1. Multiplying the sequence separation of Ala225 and Gln24 by 0.36 nm and subtracting their Cα-Cα distance, what value in nm do you get?
2. Past the 27 angstrom mark, what percentage of all C-alpha to C-alpha distances in the chain do you count?
3. What does the charge count around Val219 come to, taking other residues whose C-beta lies under 12 Å from its C-beta (Lys +1, Arg +1, Asp -1, Glu -1)?
4. State, to one decimal in nm, how far the label point of Arg40 lies from the label point of Asp211, with both points 7 Å from Cα in the Cβ direction.
5. Share of antiparallel DSSP beta bridges in the chain, in percent to the nearest 5?
6. Send over the per residue convex hull volume for segment 4-78, Cα only, as a whole number of Å³.
7. Tell me, what HN-Hα J-couplings in whole Hz come from the Karplus equation 6.51 cos²θ - 1.76 cosθ + 1.60 at θ = phi - 60° for each residue of segment 105-121, using x for Gly and Pro?
8. Using label points projected 7 Å from each Cα along Cα→Cβ, tell me how many nm separate Ser127 and Glu170, to one decimal.
Amino acid sequence: MTTESLAAAPPLRCWAPPGVYAPQTDTRLLRRAMLREEIRRGADVLDLGTGSGALAVEAARLGGRVTAVDISWRALAATWCNARLNGQSVRVRHGDLASAVPGRRFDLVVTNPPYVPAPGTTPPRGSARAWDAGPDGRLLIDRICATAPMVLRPTGALLIVHSHLSGVEETLARFGAAGLRAEVVDRARLPFGRVLRSRLAWLRERGLAADRTTEELVVIRAEHA
């Protein structure tokens, strides 16, 4: 299915049970960037932290051979079900980021990791694992930046979405240090959601929110330099 025919196809059917991250603005922003990559039939696509599998299924509809990874068994079950609901085939792998696909390289990697700054140092539990990412919001982002060169083919690309609260320049710098060329390819501004509103005072104490109650989401594209 081409990008043009996908636009005319029936909307994606997506089931997100309790505890699994449901598609939101960041998902849609990353999907838009993914469609611009013009996935060719048979391309190997990796969805790191797949959640409901919405992006994995879209990539499969475009003809990609998709592997979806998540540390949550419930998320993988949702991804498997959503692939079947939409008549697609997606390989699901349980594990911690790229460790679930040792030695493999991909033409395209997409990832919507947890990126919301959170007070405390205790690892997130339950549904909060889908968004809480440590005091600076970079609990998983830094690891993705470091391992990206090892999962990308020489002509491959990685797309990652996260909030400006997590440090866009830091992500660009870390990709550069890993030998990748990276740039912001899309962005959107939206009001703080429920989670950010609930910790607004803490965010302001850390100088992350100032007087704002909006965040900017960005999609960063990285490739071998």
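Just so you know, all these numbers are worked out from the coordinates, no wet-lab data involved. Bear in mind that the values here come from a model prediction, so they are computed numbers and not experimental data. Backbone-built Cβ (ideal geometry, glycine too); neighbour counts: all protein chains shown.
1. Values: separation 201, 0.36 × 201 = 72.36 nm, distance 3.13 nm.
That works out to 69.2 nm of additional length.
2. Counting every Cα pair in the chain, those more than 27 Å apart make up 28 percent.
3. Details: positive: Arg28, Arg31, Arg32, Arg36, Arg187, Arg221; negative: Asp26, Glu37, Glu183, Asp186, Glu216.
Here the charged neighbours net out to +1.
4. Result: 5.3 nm between the two label points.
5. On the way: 18 of 38 bridges.
DSSP beta bridges in the chain are roughly 45 percent antiparallel.
6. Working: hull volume 6.4 nm³, N = 75.
Roughly 86 Å³ of hull volume per residue.
7. For segment 105-121, the Karplus-derived couplings read 10, 10, 6, 9, 10, 10, 8, 10, x, x, 8, 7, x, 9, x, x, 10 Hz, x marking Gly and Pro.
8. 2.7 nm
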